[in-house]
Amino acid sequence: MSLAATAPHGFLSPTGVEIAFLLVGLVTLGAALITVTTRQLVHAALWLVVTLGGLAVEYLLLTAEFIAWVQVLIYVGSVVVLLLFGLMLTRAPIGRSPDADSGNRVPALVVAAASATALVWVVTDAFRATWIDLDGPAAGTTRVTGESLFRHWVLPFEALSVLLLAALVGAIVLSRKNKADQAPEAPSLTKTPGEKEGAR
């Protein structure tokens, strides 16, 4: 048996899955940066598709198939399509939109850096000595995730469903009220003196 086969696995000898995870992560990070920096709304929505798709690939590489397909079906298949329909229905500009930049790049960068630092610190502190057993039973399958969701997290799940339903009903009520307020007035049937002279 060779020494390479018996050598312990470490950070200096990454596997193919780890290299793929790093490459997909870099592509996802680049797509996310383009999403928040571009001034074309349609391009931002399309780059968001690339970002969310990259996250789904990362979940697959982490053996979390159920979360990966939920990412594709809900975010890529519903949220992004909803954004594109909203852009089309509101007749948003297709080209560059100078109004899309609010001028708050520095505060946004500070908040993003602080949020990323806090997230990395929390995850590192929570899983400092935890390793995923790839040879054991898969922890991200539909069965395991469903049992955990509907056994231990069923109450927060139902509360979130009610909250989303209330937000949907509120959006419908507000949109109907705005349409009623902006109803066009009926055109007048009387002609002005200028229109009477033109008719003659």
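Miscellaneous remarks
- The residues on offer are A7, A20, A31, and the sole one that is surrounded by fewer than 18 Cβ atoms within 10 Å (Cβ to Cβ) and modelled with pLDDT of 85 or more is A20.
- Leading residue by the ranking (modelled with the lowest pLDDT) among those in the stretch 34-73 that are in contact with a Phe, Trp or Tyr (Cβ under 7 Å, 6 or more places away or on another chain) and either among the basic types (K, R) or open to solvent by 60 Å² or more (accessible area, probe 1.4 Å) (or both): I67
- Residues of the stretch 38-68 classified as polar (S, T, N, Q) and part of a helix (DSSP H, G or I), total: 1
- Extreme residue, modelled with the lowest pLDDT, among residues of the stretch 123-181 that are in contact with a Leu (Cβ under 8 Å, 6 or more places away or on another chain) and open to solvent by less than 100 Å² (accessible area, probe 1.4 Å): G140
The values are calculated or read from the model by the stated rules, or taken from the named source; none is laboratory data. This is a predicted model, so every value here is computed, not measured. Counting neighbours? That spans all protein chains shown, and the Cβs are built from the backbone with ideal geometry, glycine included. Keep in mind that these areas ignore ligands, DNA and RNA; they rest on the heavy atoms of the full protein, side chains included. Shrake-Rupley method; radii C 1.70, N 1.55, O 1.52, S 1.80 Å.
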